[in-house]
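J.: Quick one: the structure is below, questions incoming.
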Amino acid sequence: MILTRHSTKEGPTWAVDGLPLPKTMTLGFMLCVPVQNTWRVLGNIVRNQRKMEAPDITGAPLMAPVEEDQEVWAAGVTYLRSKVEREAESSVADVYGRVYEAERPELFFKSVGSRVVGDGGKIRIRRDSAWNVPEPELTVIVNNSGEVFGYTVGNDVSSRSIEGENPLYLPQAKCYDGACALGPSIVIATAEEVANLPIHLSIVREGEEVFVGDASTSQMKRSVTELTEHLVRETTFAKGVFLLTGTCIVPTNDFTLQPGDKVSITVGELTLTNEVDQHR
Ligand code: DO4
Ligand code: MG
């Protein structure tokens with residue numbers, strides 16, 4: 001089952017497998033119910049082709065599959081590749097090795113829903129950053145009890161030069177306008193179902209592919225359940241939360257994103273494509 005969010009005349013509207021849902025069926029509401037129940041309700045809607053009192057979504061453009069007041073968090077250094085690259089760029093390399101081995105994962109706040117860019121939207125690089133990369137990441141949607149509800153594709157766009165200068169600059173390297181893209185939709189799935197998904201990154205510049213990389217979520221050092229347990233341990237997410245689970249594809253050191261680059265990320269059955277905005 002796939003959930004999409006549409007921009008209609010009556011406001012944002014969710015649909016399951018193309019069937020629009022009533023306006024009261026927000027993602028925040030769905031994430032307040034045990035996953036078994038939500039999956040059953042959504043399954044019934046699809047099986048019975050039941051169209052409830054819902055806005056018309058014919059021709060309505062897709063929006064990022066996240067609500068404005070939901071939070072997006074991210075995990076870091078969850079793959080060996082990310083650890084090795086960060087150690088190489090940093091002036092304090094051992095923090096990355098230590099967090100890779102530690103029992104406690106690195107978790108950081110990435111974005112509010114209102115700042116997230118959807119499929120086809122523009123991502124950005126900072127004007128004060130010389131070295132910038134996309135980070136293709138499996139992103140799980142977690143309900144208010146900490147259960148995995150589904151997944152989408154995430155791009156944790158990052159400044160490697162700012163993070164490399166000093167790890168305490170991480171929020172500036174990671175959180176700014178156009179730094180977080182999610183979409184195009186949500187696949188309803190369990191934690192087990194996201195444990196072995198292919199990830200593909202392609203970057204196209206002036207019609208030519210300038211970087212391509214492949215990996216799998218099975219290469220992750222930690223399980224998704226381990227990450228989500230830490231995330232909800234002492235923090236309440238009343239309307240659920242999105243968690244980017246870390247990157248495993250890092251472009252070569254001579255690569256930096258440029259305005260106009262087209263970045264496509266595939267995770268499982270979903271592909272998210274964004275163009276890098278021109279500087280404003
Ligand atoms: O440690 C800094 C951030 C790591 C990260 O974003 C990743 O590994 O994906
Ligand atoms: Mg990342």
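J.: So which lysines can Lys122 reach, going by Cα to Cα under 22 Å and dropping same-chain residues fewer than 8 places off?
T.: Straight-distance partners of Lys122: Lys110, Lys174, Lys262.
J.: Restricting to Cα pairs below 8 Å that are 6+ residues apart, what does the relative contact order work out to for segment 146-280? Please round to a whole percent.
T.: Relative contact order here is 28 percent.
J.: Rank these residues by their accessible area, most exposed first, probe 1.4 Å: Lys51, Lys23.
T.: I get Lys51, Lys23, largest accessible area first.
J.: Hey, another quick one. Quote the relative contact order of segment 58-209 in percent (integer), defining contacts as alpha-carbon pairs under 8 Å separated by 6+ residues.
T.: Averaging sequence separation for qualifying contacts and normalising by length gives 26 percent for segment 58-209.
J.: Straight distance only, please: which aspartates and glutamates reach the Cα of Lys51 with their own Cα at less than 17 Å, same-chain residues fewer than 8 apart left out?
T.: Partners within reach: Glu10, Asp17.
J.: For the chain, report the translational diffusion coefficient in µm²/s to the nearest whole number, using Stokes-Einstein at 10 °C, 1.306 mPa s, and a Kirkwood Rh over Cα pairs.
T.: For these conditions, the coefficient is 83 µm²/s.
J.: Could you work out the per residue convex hull volume over the alpha carbons of segment 50-189, in cubic angstrom?
T.: 134 Å³
J.: GluC sites (Glu not before Pro), restricted to segment 26-72: which are DSSP loop and have at most 10 other Cβ atoms within 10 Å?
T.: Glu53
J.: Running a GNM on the chain with Cα contacts under 10 Å, which residue among Val117, Val95, Val232 ends up with the highest mean-square fluctuation?
T.: Of Val117, Val95, Val232, the Gaussian network model singles out Val95 as fluctuating most.
J.: Run lengths n ≥ 4 of DSSP H only: what is the helix-derived mean residue ellipticity at 222 nm for the chain, with -39500 (n - 2.57) per run over all residues, to the nearest 500?
T.: Computed ellipticity for the chain at 222 nm equals -5000 deg cm²/dmol.
The values are calculated or read from the model by the stated rules, or taken from the named source; none is laboratory data. Computed from a predicted structure; not experimentally measured. When we count neighbours, we look across all protein chains shown, and the Cβ atoms used for this are built from the backbone with ideal geometry, even at glycine. The protein model used for the area step is the full one, side chains on, heavy atoms only, and it has no ligands, DNA or RNA in it. Shrake-Rupley method; radii C 1.70, N 1.55, O 1.52, S 1.80 Å.
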